[in-house]
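Asks: Structure incoming, see below.
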Amino acid sequence: MSTALIPRNALAWLLGAQVVVLLPHLPRLPWWVAVLWLGCAAWRVQIQRMRWGYPGRILRAGGLLLTGVAVFVTQGTLIGLDATVMLLLLLFMLKLLEMRNPRDALVVIYLGFFILATAFLFDQGIPLTLYQCVGAVVLVAALIGLQQSPARNDPWRALRSAAAMLLQALPLMLLMFLFFPRLAPLWTINLPSAESRTGLSDTMAPADIANLAQSPELAFRASFEGDIPPPSRLYWRAMTLSRFDGRVWSQDRLLEGRQPQAVERSGAALEYQVVAQPTGRNWLYSLPGSVSDSPELRAMGDDTLRAKRPLSSTFGYTATAYEHVQRQRDGLPDDERQRLLQLPEDSDPRSRAWAEELRQRYSSDAELVNALLRHFNQQPYHYTLRPPTLGRHSNDEFLFDTRRGFCEHYAGAMTFVLRAAGIPARVVTGYQGGELNPRGGYLLVHQFDAHAWIEAWLPGQGWQSFDPTFQVAPSRIERGLEEAMREEGSFLADAPLAGSRYRDISWVNNLRLTWDDINYQWQLRVLNFQSEEQLALFKRWLGTADWRRIGVVVLSLVGLVMVVQALIWLRPRRLSGSPAQLAWQRLDQRLGKLGLGVRAGEGPRDWQARLRQALPQQRAAIDGFFDRFIEQSYAQRQPGEAQAQLQPSLQTLLRSLPRRRPPAPSQALD
Amino acid sequence: MRARARRWHQGWLRRRIPPARSLRLDHRRIFILPSRAGMAFLLLLLIMLIGAINYQNSLVYGLTFTLLSLFWVALHHTYRNLAAVQLRATGGRAVFAGEQVPLGLTLRSERREHQALKLRWPGLDAVSVDVPAGDEQALTLFHPTERRGWLVLERLRIETRYPLGWFVAWSLVDLDWQVLVYPKPVSAPLPVGAAPDGEEGDQPHAQQEGVADFQGLRAYRPGDSRRRLDWRAWSRGQGLHSKVFAEPQQQSLWLDLAAAAGRDLEECLGMLTGWVLEMEREQRPYGLSLPGVRIEPAQGDRHREVCLRALALYGLEARA
């Protein structure tokens, strides 16, 4: 076995499988990896054609060393998932050159299966999954090629068999997928580094979100138990920004890190489910005052939700929001209050002066806030995706000179003024609204739905949300960005191919929403199918979450599928042929057990004579059968008539036969 | 202990798969176990499963379960690749010890194609064969012989790992090939004492010119030497006849075990074998005398076979 050569079919499919398996990884790898593969494959083909030899020991050792160095140089490390996968891919290629016998080929194929799995750590989309099915078929075809006789040269047959076998594997696979208990991770692992993606950042400077609003990418999808709330309620909080350095708003770790405090929830509960796209960060999106019992996430002190691990792949969670939420109504701790009033000393003098003026005019905090909102509403402010650049005192310039800005300008300036007037306030960033997918009845929230608004703490009321942008451009809140930007014509001006731009063309839009619905179902039902969903499924189907009872049901189901498949595959082959031949074969089988089966080249008369000798007591039955048999086989009688007589005579003979072989008669053959 | 286990195993096999000239492989005759490649694959799946658990990745779970399920499918395919194959022993002729004995075997498929079946005796090279669907595939296997007597073949192992190599399905069949192995011929000068008239040099010459001893024709009987057929009469359409020569009593040679001067019995039998071949080559009548065996002088293919058979089985129990 180990000295045998690799069959041609196997090598053909092996090289094919390598291309298929490597392709999804290549975009994440330097260009020379593809060149290296081409080199290895060409060399291997030359080896097979007996043109070139195998590389020597020094070359192999050098190649291995270079591989390690290359991985270290490109990835900066040799450990960690990205480096490990790259190392694995390079070994997968280099192994081609020292693949001498079927056992080596087996190692390459097994590595291929493993690499097939690693691709799913980086991408779990439907297109990749379908593509990986092709990879699996080709790898299995290579396995088959390895087992075929070396002389065979019909590679397509190997591929067909591979596809057929994988299809036959599906029923059992589905059962296992549904019922195999989803365990918690056994140990902590490093996740693939998220590629740089567009999305919210954890800081906010003027024009940041306006830039983000040019992106048609998906941020997350959300579905609701029951009706989808009106857009004015759909303020998806991602994070709060409480520190200001004169230009950039950023998070205050101390405030977030606290336990959520004094939250009172009342009124109707609103259950919703979010499937977030990977961001490489751990913030999540929630409606104000949401609670979640998912073990994978936690609630923060600023009333936001965070995932325990950065999102390297799509992440789903459920949460419940309430109609009325009151947060910290009874007051703020002193240190918290101080942090929420923090402003840099030397920034924006005109805004400070204006804040003091307002403070003197309105003694009540609530009145002051309303006055500010009224100001945005009544003065000639303009909502635009193309704000002018601002200088050192950005709030001053925006409030009194340019008066043109996007949501982050309004939220930043308003928070600044409130703080200067002594009212604790912070910027909230996240997304607002979303696009309804009527097919799936869920919301699509895109990057261009990114939004910033504010929260102020008012005595006796606790935290209250305000949206200055609403005062300037109410259509942004009620009908979305596209509507708000209709006049300016700047919606997705930089993304001519974005599907969202073509909502007016109905069939394009239908196609886009249908595809999105399929993707969402995929994420909800497949990618997000972890322990919670599994238990929910068990409760719905089996009415129990008791693992022992589930185990019994599951094992019997798996057993049932296996038995049914085994029965289909192993059922006794139906013998083929005419009725006479079938009868002959049945008799042969039965007599074979007595050691009296028909011999090679023996005709009916000879066999009959031998049987008469061996089974003297059954002579009548033997003669009966053979006479009928010969009649039917050799005398051209009507098949139906002869069969009618053949069958009973066969039955008679079969019934009369002894269970064990009778002692051999003393006399020799005549 | 091992010998006992082996004997028990052999007995069990004999009951389960009794010797037969032809048989059909079915569930009673086929054994199947995961191969080493299959075990390695299961290990790979375990690693992938741990990956799926740690990364909470549904698609890695999916791939792992697909492959595990494929493992189960492969079990059946491997079994089915061997099941329902019909084996039939054909031929097997006598050879001299040390020669390879050709053993004819026909494999028949009832319906499905059977790929990459490997046939092999323990310690010998495997022969790989494909059996086309609904058709027969005849092949000749070669088995070395060492000593004279009835060749007792070990059970032939027929196995397959097709399609995926994760399982090995096999059967051990005894196709009841009956092969007689003649002693290995040892060349030695013909026994001098037995040579009549001491005129060895003239002997072949006299034989070829023995026209004077020609007595007439008789009807051909199987076993008659071809050289004595009367081709001329046959070409005239008078049927096949053998020429009959007067057996010159003084010229027939007795090949006696006592005359062979070998180191041991086997070598002596080898010498006798060599003499038989020599006498046949020279077309001289000869008789064979072994203790307890006496074969009257004669000549011809049938006589040669009778003598060689006696030599092959001398002192051994005849096979039942």
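Asks: If we sort A:299-305, A:416-422 on the protection proxy, mean other Cβ atoms within 10 Å, highest first, what's the order?
Replies: Final packing ranking: A:416-422, A:299-305.
Asks: Hey, if you put +1 on the Cβ of every Lys and Arg and -1 on every Asp and Glu Cβ in the stretch A:338-475, which of A:376, A:433, A:362 ends up farthest toward the positive end of that dipole?
Replies: A:433
Asks: Same structure again: Go through the stretch A:30-92 and name the trypsin sites (Lys or Arg not before Pro) that are in a DSSP coil and have 11 or fewer other Cβ atoms within 10 Å of their Cβ.
Replies: A:49, A:51
Asks: What does the convex hull of the Cα atoms come to per residue for the protein assembly as shown, in Å³?
Replies: Output value, Cα hull per residue: 291 Å³.
Asks: Heavy-atom accessible area of residue A:123 with all protein chains present, probe 1.4 Å, nearest 10 Å²?
Replies: 70 Å²
Asks: Let me ask something else. Using heavy-atom solvent-accessible surface (probe 1.4 Å) with all chains present, what is the largest-first order of A:457, A:547?
Replies: Sorted descending by solvent-accessible area, the residues read A:547, A:457.
Asks: Given R₀ = 30 Å, FRET efficiency for residue B:46-residue A:131 by Cβ-Cβ distance, to 0.05?
Replies: On the way: r = 25 Å, r/R0 = 0.85.
Here the calculated transfer efficiency is 0.75.
Asks: Moving to a separate point now. Scan the stretch A:482-519 for GluC sites (Glu not before Pro) in coil per DSSP, keeping those whose Cβ has at most 14 other Cβ atoms within 10 Å, and list them by number.
Replies: Passing sites in the stretch A:482-519 are A:487, A:488.
Asks: Further, regarding this structure: Amide H neighbours of residue B:116 under 5 Å, at least 5 residues apart or on other chains, H built in the peptide plane: list them.
Replies: For residue B:116, whose amide H was placed from the backbone, the distant partners under 5 Å are A:149, B:129, B:130, B:131.
Asks: Kindly compute the accessible surface that chains B and A hide from a 1.4 Å probe when together, both sides summed, and give it to the nearest 100 Å².
Replies: 5100 Å²
Asks: Something else now. Reported to two decimal places, what Rg/Rh ratio describes the stretch A:380-438 when computed on Cα atoms with Rh from the Kirkwood expression?
Replies: Reported Rg/Rh, Kirkwood definition of Rh: 1.07.
Asks: Can you tell me the relative contact order of the stretch A:344-426? Whole percent, Cα pairs under 8 Å, sequence separation 6 or more.
Replies: Worked out over the stretch A:344-426, it gives 38 percent.
Asks: For a quick protection proxy, order the peptides A:405-411, B:117-123 by their average other-Cβ count within 10 Å, most packed first.
Replies: Details: A:405-411: 28.1, B:117-123: 15.9.
Packing order, densest peptide first, comes out as A:405-411, B:117-123.
Asks: Tell me, how many Å apart are the Cα centres for the stretch B:55-81 and for the stretch A:413-467?
Replies: Comparing the Cα centres of the stretch B:55-81 and the stretch A:413-467, I get a distance of 49 Å.
Asks: What distance in nm separates the simple spin-label points at residue A:31 and residue B:6, each placed 7 Å from Cα in the Cβ direction?
Replies: Reported label-point gap for residue A:31 and residue B:6 is 6.6 nm.
Asks: Another question, if that's okay. Rank these by accessible area, largest first, 1.4 Å probe: B:243, A:593.
Replies: A:593, B:243
Asks: Which of B:23, B:89, A:633 sits closest to the plus end of the dipole of the protein assembly as shown, meaning its Cα is farthest towards the positive end, when Lys and Arg get +1 and Asp and Glu get -1 on the C-beta?
Replies: Positive-end residue among those listed: A:633.
Asks: May I have the pair-distance distribution P(r) for the stretch A:187-286, computed from all Cα-Cα distances with 10 Å bins from 0 and rounded to whole percent?
Replies: P(r) over the stretch A:187-286, rounded to whole percents: 11, 34, 38, 17, 1.
Asks: Pull out a ≥ b ≥ c, the square roots of the eigenvalues of the alpha-carbon gyration tensor of the stretch A:15-137, then state rounded if a/c is under 1.5, prolate if not and a/b is larger than b/c, and oblate in the remaining case.
Replies: Here the stretch A:15-137 falls in the oblate category.
Asks: Ok, one more. Over the stretch A:342-429, what per residue volume does the convex hull of the Cα atoms give, in whole Å³?
Replies: Hull volume over Cα atoms, normalised by residue count, gives 96 Å³.
Asks: Tell me, what is the per residue accessible area of chain A in Å², probe radius 1.4 Å? Don't skip to the end; give the middle numbers.
Replies: Numbers: 32320 Å² over 670 residues.
On a per-residue basis, chain A sits at 48 Å².
Asks: Considering every residue in A:174-183, what mean count of other chain Cβ atoms within 10 Å of its Cβ is obtained?
Replies: 4
Asks: Output the relative contact order of the stretch A:30-133, whole-number percent, from Cα pairs under 8 angstrom with separation of 6+ residues.
Replies: That works out to 25 percent.
Asks: Please give me the summed charge of the neighbours of residue A:352: other residues whose Cβ is under 13 Å from its Cβ, Lys and Arg +1, Asp and Glu -1.
Replies: Result for the local shell: -3.
Asks: Under a Cβ-only charge scheme (Lys and Arg +1, Asp and Glu -1), can you give me the dipole magnitude of chain A about the Cα centre, in debye to the nearest 20?
Replies: Its charge dipole is roughly 4580 debye.
Asks: Averaged over its residues, how many other protein chain Cβ atoms are within 10 Å of peptide B:153-166's Cβ atoms?
Replies: What the average comes to for B:153-166 is 3.
Asks: Ok, one more. Compute the distance in nm between two label points, each set 7 Å from the Cα along the Cα-to-Cβ direction, one at residue B:220 and one at residue A:271.
Replies: Each label point lies 7 Å from its Cα, and together they span 9.8 nm.
Asks: Taking only the alpha-carbon positions of the stretch B:122-166 and ignoring solvent, what does the Debye formula give for the base-10 log of I(q)/I(0) at q = 0.24, 0.25, 0.31, 0.32 Å⁻¹?
Replies: Once normalised to I(0) and log-transformed, intensities are -1.10, -1.14, -1.32, -1.34.
Asks: Right, something else. Just reorder A:556, A:351 by solvent-accessible area, largest first, 1.4 Å probe, all chains present.
Replies: A:556, A:351
Asks: Then there is this: Of all trypsin sites (Lys or Arg not before Pro) in the stretch A:203-253, which ones are in loop regions per DSSP and have a Cβ with at most 15 other Cβ atoms within 10 Å?
Replies: Details: sites: A:221, A:233, A:237, A:243, A:247, A:253; in loops: A:247.
Sparse-neighbourhood loop trypsin sites (Lys or Arg not before Pro): none present.
Asks: Something else about it: Long-range amide H contacts for residue B:176: which residues qualify at under 5 Å (H placed 1.01 Å from N, peptide plane, sequence gap of 5 or more or a different chain)?
Replies: The list, which skips near neighbours in sequence, is B:20.
Asks: Could I ask something else about it? Of all alpha-carbon pairs in chain B, indicate the percentage at a distance above 33 angstrom.
Replies: 51 percent
Asks: Rounded to the nearest 10 degrees, what's the angle between the helix B:36-55 long axis and the longest principal axis of chain B, both from Cα atoms, 0 to 90?
Replies: 10 degrees
Asks: For helix B:265-282, what angle does its Cα long axis make with the longest principal axis of chain B, in degrees from 0 to 90 and rounded to 10?
Replies: For helix B:265-282, the angle is close to 60 degrees.
Asks: With loop defined by DSSP as not H, G, I, E or B, and exposure as at most 16 other Cβ atoms within 10 Å, which is the longest segment of chain B clear of exposed GluC sites (Glu not before Pro)?
Replies: Numbers: sites that count: B:99, B:113, B:146, B:154, B:199, B:200, B:209, B:317.
Maximal segment without exposed cleavage sites: B:210-316.
Asks: Ok, one more. Given Cβ point charges of +1 (Lys, Arg) and -1 (Asp, Glu) and nothing else, what value in debye, to the nearest 20, does the dipole of the stretch B:1-57 about its Cα centre take?
Replies: Rounded to the nearest 20 debye, it is 780 debye.
Asks: With a 1.4 Å probe and all protein chains left in place, how much of the accessible area of the protein assembly as shown comes from carbon and sulfur atoms, in whole percent?
Replies: C and S atoms contribute 55 percent here.
Asks: OK, next. Measuring from label point to label point, each 7 Å out along Cα→Cβ, what is the residue B:266 to residue A:549 span in nm?
Replies: Going from the residue B:266 label point to the residue A:549 one covers 7.6 nm.
Asks: Give, rounded to the nearest 20 debye, the magnitude of the charge dipole that chain B has about its Cα centre when Lys and Arg contribute +1 at Cβ and Asp and Glu contribute -1 at Cβ. Mind dumping the intermediate values first?
Replies: On the way: 42 positive and 33 negative charges, 394 e Å.
Once rounded to the nearest 20, the dipole reads 1900 debye.
Asks: Round to a whole angstrom and tell me the spacing of the C-alpha centers of the stretch A:1-69 and the stretch B:1-47.
Replies: Measuring centre to centre over Cα atoms gives 38 Å.
Asks: Let me ask another. Which one of B:69, B:106, B:44 has its Cα pushed farthest toward the positive end of the charge dipole of the stretch B:1-136, where Lys and Arg give +1 and Asp and Glu give -1 at the Cβ?
Replies: B:106
Asks: For the stretch B:1-160, what is the relative contact order in percent, using Cα pairs closer than 8 Å and at least 6 residues apart in sequence?
Replies: Worked out over the stretch B:1-160, it gives 19 percent.
Asks: By how many degrees, between 0 and 90 and to the nearest 10, does the Cα long axis of helix A:531-542 differ from the longest principal axis of chain A?
Replies: In chain A, helix A:531-542 runs at an angle near 60 degrees to the longest axis.
Asks: Across peptide A:109-122, how many C-beta atoms of other chains are within 10 Å of each residue C-beta, on average? Write down the numbers at each step before the final one.
Replies: Values: counts 4, 6, 1, 0, 7, 5, 0, 5, 16, 5, 3, 10, 5, 0.
For this peptide, the per-residue mean of nearby foreign Cβ atoms is 5.
The values are calculated or read from the model by the stated rules, or taken from the named source; none is laboratory data. Remember, predicted model here, so these are calculated numbers, not experimental data. Reconstructed Cβ throughout: ideal geometry from the backbone, glycine too, with neighbour counts over all protein chains shown. These accessible areas exclude ligands, DNA and RNA; they are computed on the full protein's heavy atoms, side chains included. Shrake-Rupley method; radii C 1.70, N 1.55, O 1.52, S 1.80 Å.
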